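S.K.: This is the structure I want to talk about, given as structure tokens.
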Amino acid sequence: MKKPRVATIGLGAWGWNVGRCFYELPDCELIACCDLSESRRMAAERNWPGVKAYSTVDEMFTMAELDAIVVSSPAITHYPLVRKALLADYDVFVEKPFTLNLEHAEELLHLSEARSRVLMVGHLLEYHPVVEELRNLIRSGELGDIYYIYTQRVNLGRIRGDENALWSFAPHDISQIIFMLGLEPVDVSARGQSFIQNGIEDVVFLSLFFESRIMAHIHISWLDPHKTRTTTIVGSKKMAVFDDTAVSEKLRIYDSFATPQQARSYGEAIQVRFGDIRIPRVSAAEPLKLECQHFLDCVIKRARPRSDAYDGLRVIRILEAAQQSLEQDGIPVNLRGEDELITAPERADRCWSALRV
Ligand SMILES: NC(=O)c1ccc[n+]([C@@H]2O[C@H](COP(=O)([O-])OP(=O)(O)OC[C@H]3O[C@@H](n4cnc5c(N)ncnc54)[C@H](O)[C@@H]3O)[C@@H](O)[C@H]2O)c1
């Protein structure tokens, strides 16, 4: 097959990185890009020789011979742009958040299936080598029964106006957690506050509860003095900490645990162990490049992406429930309802029901 001809939409702070990856990857030809800003278009044509920059998507779709579209424009544009691209029969990679509501996510999923198009959502952490390693550690049972997980995604700035910190940041944490566990939460609750813009939460504390007593807690904020990107997993045999801001040695496995014992006396009822810390060697490959390559592999092989539209839909469903909880002062919102799309048989392989090992 010929190399897919790719175009990107949105050349902003993140979209530029996405465009750069597709420009550098040898399995495709980045032939076009589109942005409303003239200076971004000029910068793209200057930095990526051979790439034509357009000011409107309609003009680009008419003028360029394309196979696949990458949508890296603001979240509010995702639904109309992805819809337009699918209706024009292009394969699509859309940045997170997939959409800003479940109805739009479902419509795009159906559209991609009806037109046999690849539709992939930019859940970057599912392609992160450390997250893959953590998933393997959980699946192999090395960490034991998982007690709880917590993540922190906080920093100062990039305060968005179209979506709150929950919709902007939490898709990363939610997709990472359900990918690692292979489970979906049964209920969620969230509390947060808007300090800077009315009705747009800057800080959110989100809790997910799973059938098997596993808890996950997600702290997100764009009002914080530190840039922190950490995930901590506490298991019955070992614990793990992933620090994505570390330049190297991003993952540490603690051979430590606390567990109830067959007690002969009160002093022996709980065993606590403080063991060695292991730093496994994990690939330092750029997650974004791995993610973009995965999209190209799916386009070329006509395969279903790891972070496909079902995955996107699951995350949007959790975000909608979290938003509902946020608006009602943190009341738990149940997610147990039967959802035909989410439980589609072909997705069963993604969700191993018994995690306990
Ligand atoms: N995966 C990640 O780690 C990650 C990180 C940051 C942002 N993102 C996501 O990437 C997307 C882009 O984020 P960003 O930080 O680059 O945003 P940004 O605001 O910096 O840039 C958006 C760009 O899109 C352009 N644009 C807006 N509407 C357009 C349209 N209709 N047609 C063409 N161009 C249009 C704007 O001119 C601007 O240059 C968002 O969905 C964001 O959530 C993902």
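S.K.: Given the structure, is VAL203 within 19 Å of the chain's Cα centre (by Cα), of a type in the set (A, V, I, L, M, F, W, C) and within 16 Å of the ligand (Cβ to nearest atom)?
M.R.: Judged against the criteria, VAL203 is not a match.
S.K.: Examine the stretch 65-76 for a residue that is over 24 Å from GLY312 (Cβ atoms) and open to solvent by 10 Å² or more (accessible area, probe 1.4 Å), and state whether such a residue exists.
M.R.: yes
S.K.: Could you count how many residues in the stretch 133-177 are more than 15 Å from the ligand (Cβ to nearest atom) and under 13 Å from the mean Cα position of the chain (by Cα)?
M.R.: Residues flagged as more than 15 Å from the ligand (Cβ to nearest atom) and under 13 Å from the mean Cα position of the chain (by Cα) within the stretch 133-177 amount to 1.
S.K.: If you check ARG40 against the conditions, is it in contact with a Phe, Trp or Tyr (Cβ under 9 Å, 6 or more places away or on another chain), open to solvent by 10 Å² or more (accessible area, probe 1.4 Å) and over 20 Å from GLU291 (Cβ atoms)?
M.R.: yes
S.K.: Can you name the residue in the stretch 106-122 that is farther than 25 Å from ILE31 by Cβ and in contact with a strand residue (DSSP E or B) (Cβ under 9 Å, 6 or more places away or on another chain) and, of all such residues, is least open to solvent (accessible area, probe 1.4 Å)?
M.R.: The qualifying residue least open to solvent (accessible area, probe 1.4 Å) is LEU109.
S.K.: Against the definition (part of a strand (DSSP E or B) and over 20 Å from LEU124 (Cα atoms)), how does ALA53 come out, yes or no?
M.R.: Taking the combined requirement at face value, the residue satisfies it.
S.K.: Among the residues of the stretch 153-195, count how many are at pLDDT 95 or above and open to solvent by 60 Å² or more (accessible area, probe 1.4 Å).
M.R.: Of the residues in the stretch 153-195, 4 are at pLDDT 95 or above and open to solvent by 60 Å² or more (accessible area, probe 1.4 Å).
S.K.: Is it the case that ILE31 is without any contact (Cβ under 8 Å) to a residue 60 or more places away in the chain, more than 8 Å from the ligand (Cβ to nearest atom), open to solvent by 10 Å² or more (accessible area, probe 1.4 Å) and within 28 Å of the chain's Cα centre (by Cα)?
M.R.: The answer is yes for ILE31.
S.K.: For the stretch 54-69, which residues satisfy the criterion of being more than 10 Å from the ligand (Cβ to nearest atom), in contact with a helix residue (DSSP H, G or I) (Cβ under 9 Å, 6 or more places away or on another chain) and either among the aliphatic types (A, V, I, L, M) or in contact (Cβ under 8 Å) with a residue 40 or more places away in the chain (or both)?
M.R.: Matches in the stretch 54-69: LEU66, ASP67, ALA68, ILE69.
The values are calculated or read from the model by the stated rules, or taken from the named source; none is laboratory data. This one's a predicted model, so the numbers in the text were calculated from it and none came from an experiment. Positions of Cβ are backbone-derived with ideal geometry, glycine not excepted, and every protein chain shown enters the neighbour counts. Each accessible area value is taken on the protein alone, full model and side chains, heavy atoms only, with ligands, DNA and RNA left out. Shrake-Rupley method; radii C 1.70, N 1.55, O 1.52, S 1.80 Å.
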